[in-house]
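Structure record follows, encoded as C-alpha cells.
The values are calculated or read from the model by the stated rules, or taken from the named source; none is laboratory data. Remember, it's a predicted structure, so these values are computed and weren't measured experimentally. Neighbour counts are summed over all protein chains in view; Cβ atoms, including those assigned to glycine, are modelled from backbone coordinates with ideal geometry.
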C-alpha cells in the first residue's frame with residue numbers, strides 16, 4: 001500500500017445517499033481475488049448514464065470521492081474498496097460510511113473522512129466541479145478548496161498503518177524481530 005501523509009487530489013462527487021457495495025462493484029466482478037478492478041468501479045451506473053459523475057472529463061484522475069450519506073452500506077464485499085483503490089481513490093468524504101465498508105477501506109489504503117452536514121454540502125459542491133482538496137493525515141485535517149480546514153477523527157492504529165503504508169499483514173511483519181525474540185525466549 002502507498003502511504004498516506006499529506007496530498008492534494010482532484011475530487012468527484014456522487015451525491016447519492018445509501019449507495020451500497022452492490023452498486024460500487026456489481027456482483028459479476030466478485031468471481032476472483034484480483035484487485036485490479038478500477039474498470040468495475042460503478043460499472044453499471046457508468047454504462048447506463050453518460051452524465052454519471054465518473055464519466056465526466058473532470059473526474060479523470062480523481063483521488064477524492066465526495067459521497068452521499070451512508071456510503072458503502074449493504075454487503076461487506078471487499079471488492080468495493082479494491083475497485084476504488086484501483087480507480088485511484090485515496091480518500092472518501094461523507095457524513096457517514098457504513099462500518100464494514102469503512103473498515104475495508106482502511107485495510108486497503110483508503111481514508112474515510114467523516115464531516116458534519118455543512119462541510120459535506122460545501123464538499124459536494126466543490127466535488128461536482130472537480131476541485132482540489134488537501135488531506136493532511138498526520139494532523140487529521142481536510143482542507144476544502146475554499147480554504148476552510150476541518151479536523152477529522154481516525155483511530156490511532158488505522159492512522160499508523162495508513163501513514164506507514166501498511167496493511168494488517170505488513171503491520172505484523174514489521175514486528176517480526178520482536179515476535180522471533182519472544183518465541184526464542186519461550
Restricting the first residue to the stretch 40-67 and requiring it to be without any contact (Cβ under 8 Å) to a residue 24 or more places away in the chain, which pairs with a second residue that is exposed (fewer than 15 other Cβ atoms within 10 Å of the Cβ) and in a loop (DSSP other than H, G, I, E, B) meet a Cβ separation below 8 Å and a spacing of at least six or different chains?
55/49
Considering only the stretch 158-167, I want to know if a residue exists there that is without any contact (Cβ under 8 Å) to a residue 60 or more places away in the chain, within 24 Å of residue 69 (Cβ to Cβ), in a strand (DSSP E or B) and in contact with a helix residue (DSSP H, G or I) (Cβ under 8 Å, 6 or more places away or on another chain).
no
Looking at 121, 173 in this structure, which one is free of Cβ contacts under 8 Å to residues at least 12 places away in the same chain and under 15 Å from residue 66 (Cα atoms)?
121
Output the number of residues of the stretch 74-103 satisfying the condition of being more than 17 Å from residue 39 (Cβ to Cβ), modelled with pLDDT under 95 and crowded, with 21+ Cβ neighbours inside 10 Å.
0
Of the residues in the stretch 109-144, how many are more than 14 Å from residue 92 (Cβ to Cβ), buried (at least 18 other Cβ atoms within 10 Å of the Cβ) and touching a helix residue (DSSP H, G or I) at 6+ places or on another chain (Cβ under 7 Å)?
2
